[in-house]
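*Asks:* Sharing a structure below in structure tokens format, with a few things to ask.
Bear in mind these aren't lab numbers, they're just calculated from the coordinates by the rules spelled out. Here the structure is a predicted model, which means the values were calculated and not measured. Note that we place each Cβ from the backbone using ideal geometry, even for glycine, and neighbour counts take in every protein chain shown.
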Ligand SMILES: NC(=O)c1ccc[n+]([C@@H]2O[C@H](COP(=O)([O-])OP(=O)(O)OC[C@H]3O[C@@H](n4cnc5c(N)ncnc54)[C@H](O)[C@@H]3O)[C@@H](O)[C@H]2O)c1
């Protein structure tokens, strides 16, 4: 698991939101990491009560103000996991100078992301966005290998997801104007930036599935332009309704001296998922593919990472917090750039 925290960095946590991601990932992961959760608040008190019972959280708060009192009393960090539309109004109710981790996306669009950044700056918050894929065990292995120069210069970063995710079962998604890139491919955009830096530009097209017309989009093709010899691509299709056999969910990174392929298991065989994997091929080892055993996966072992980083950043302002809002805003900018490219459309023969 990424980022062990020293005892003098550890802080208790209060959580705002008792929904699926908190129950399925945040709380089980914090338990694994030994993080203390002091209290929880959700507008739906029954959900907060049930979550508190299931995870032994000592206090269910009646309001944001009640949670703030508890956090002040116990010197807590905040963990917010709300629908993106509720982030700004909730942030405005919180005190200045706190440490807070906010679930992705950073607002519903770039305008909101910029507002969130402004609030964080005005209130002098130490704030992060929960892009936890950067902390997935196979991603950490890949970063170590690349930083050690093992695969040479990276020139191709490929994300391919061909799976069946029945998003059309979730009616609350029907009214949302941007779906696939904002809620799913955003993780890969953030990941690509973390490995490759900022691209020069992007070409993108995001579309509906004919059997899921209620959703703004469920399939995206994205090409990040890094110049004449480097690129990054994302191809997602969440409507592959042909059984698990031919599903795909992987990241492949090619370099001048080797390549890495990682399965992202959580997307496969919905809703069960499959394990993550890590394979590599090095020219120095004769071009055969090797695999490295992983005991941990993105879900859930990546989830302590962004909170552990927040604990370190609050303790030491010089710590390089990779999930900070100051970095995450750029992921939101590229999400917007993808939408602008998609809306604009491609080059027609009549244009040439
Ligand atoms: N891998 C990931 O990082 C990941 C995965 C899934 C979801 N998410 C994100 O997490 C967020 C929450 O997703 P979820 O699946 O848990 O949703 P959910 O609908 O299951 O839970 C949201 C909870 O927030 C509560 N709520 C809504 N407005 C509130 C407010 N103003 N104050 C207090 N409580 C409020 C609701 O009652 C609900 O219990 C979303 O933004 C989603 O994008 C991230």
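*Asks:* Given labels modelled 7 Å from the Cα in the Cβ direction, how far is it in nm from residue 171 to residue 31?
*Replies:* Between residue 171 and residue 31, the label points sit 3.2 nm apart.
*Asks:* Please list, short to long, the whole-number percent of alpha-carbon pairs of the range 69-221 in consecutive 5 angstrom bins beginning at zero.
*Replies:* 2, 7, 14, 17, 16, 15, 14, 9, 5, 2, 0
*Asks:* Normalise the Cα radius of gyration of the range 1-155 by 2.2 N^0.38 Å (N = residues in it) and let me know the number.
*Replies:* Working: Rg = 17.0 Å, N = 155, 2.2 N^0.38 = 15.0 Å.
Normalised by 2.2 N^0.38 Å, the Cα Rg of the range 1-155 equals 1.13.
*Asks:* Can you give the alpha-carbon Rg of the range 95-163 over 2.2 N^0.38 Å, where N counts its residues?
*Replies:* 1.54
*Asks:* Along Cα→Cβ, 7 Å out, is where each label goes; now give me the distance between the ones at residue 279 and residue 144 in nm to one decimal.
*Replies:* Reported label-point gap for residue 279 and residue 144 is 2.1 nm.
*Asks:* In what sequence do 240, 339 fall when counting other Cβ within 10 Å, fewest first?
*Replies:* Lowest to highest Cβ neighbour count: 240, 339.
*Asks:* GNM on the chain, C-alpha springs below 10 Å: top fluctuator among 263, 287, 132?
*Replies:* Result for the chain, Cα springs under 10 Å: 287 fluctuates most.
*Asks:* Given the alpha-carbon gyration tensor of the chain, what are the semi-axes of its equivalent ellipsoid in whole angstrom, ordered largest first, with each equal to the square root of 5 times an eigenvalue? Walk me through the intermediate numbers first.
*Replies:* Working: eigenvalues 218, 118, 84 Å².
Result for the chain: semi-axes of 33, 24, 21 Å.
*Asks:* How big is the gap, in Å, between the Cα center of the range 32-60 and the Cα center of the range 183-251?
*Replies:* 35 Å
*Asks:* Further question: Given the Cα-Cα distance of residue 349 and residue 320 and 0.36 nm per residue of separation, how much length would full extension add, in nm?
*Replies:* 5.7 nm
*Asks:* Test of understanding: express the Cα radius of gyration of the range 3-89 as a ratio to 2.2 N^0.38 Å, with N the residue count.
*Replies:* Details: Rg = 12.4 Å, N = 87, 2.2 N^0.38 = 12.0 Å.
In units of the 2.2 N^0.38 Å rule of thumb, it is 1.03.
*Asks:* Where does each of 292, 134, 178 land when they are ranked from fewest to most other beta-carbon atoms within 10 angstrom?
*Replies:* Neighbour counts put them in this order, fewest first: 292, 178, 134.
*Asks:* What is the gain in length, in nm to one decimal, between residue 200 and residue 53 on full extension, counting 0.36 nm per residue of separation less the C-alpha to C-alpha distance? Don't jump to the answer; show the numbers that get you there.
*Replies:* Numbers: separation 147, 0.36 × 147 = 52.92 nm, distance 4.92 nm.
Once the chain is fully extended between residue 200 and residue 53, it gains 48.0 nm.
*Asks:* Once a ≥ b ≥ c are taken as the square roots of the eigenvalues of the Cα gyration tensor of the range 41-100, is the result rounded (a/c under 1.5), prolate (a/b larger than b/c) or oblate (a/b not larger than b/c)?
*Replies:* Since a/c reaches 1.5 but b/c is at least a/b, the shape of the range 41-100 is classed as oblate.
*Asks:* On to the next question. Return the inverse of the average 1/r over all pairs of distinct C-alpha atoms in the range 243-352, which is the Kirkwood hydrodynamic radius, in Å to one decimal.
*Replies:* Across the range 243-352, the inverse of the average 1/r is 18.1 Å.
*Asks:* Just subtract the alpha-carbon distance of residue 66 and residue 92 from 0.36 nm times their residue separation and send over the number in nm, one decimal.
*Replies:* 7.9 nm
*Asks:* Can I ask one more? So, by mean Cβ neighbours within 10 angstrom, what's the order for 275-284, 328-337, 56-65 with the highest one leading? Spell out each step's value before the answer.
*Replies:* Details: 275-284: 17.1, 328-337: 21.1, 56-65: 15.3.
The packing order, highest mean first, is 328-337, 275-284, 56-65.
*Asks:* Let me ask something additional. Sum -39500 (n - 2.57) across every DSSP H segment of at least 4 residues in the chain, then divide by the residue count to get the 222 nm mean residue ellipticity, nearest 500.
*Replies:* -9000 deg cm²/dmol
*Asks:* Say a paramagnetic label sat at a point 7 Å from the Cα of residue 153, along Cα to Cβ; which residues of the range 238-258 have their backbone N under 13 Å from it?
*Replies:* 255-257
*Asks:* Related question: So how do 88, 222, 140 line up by other beta-carbon neighbours within 10 Å, fewest first?
*Replies:* Neighbour counts put them in this order, fewest first: 88, 140, 222.
*Asks:* Now for a separate question. Averaged across orientations, what area in nm² does the convex hull of the alpha carbons in the range 185-324 project? Kindly include the intermediate steps, with their values, before the conclusion.
*Replies:* Numbers: hull surface 47.3 nm².
Dividing the Cα hull surface by four gives the mean projection, 11.8 nm².
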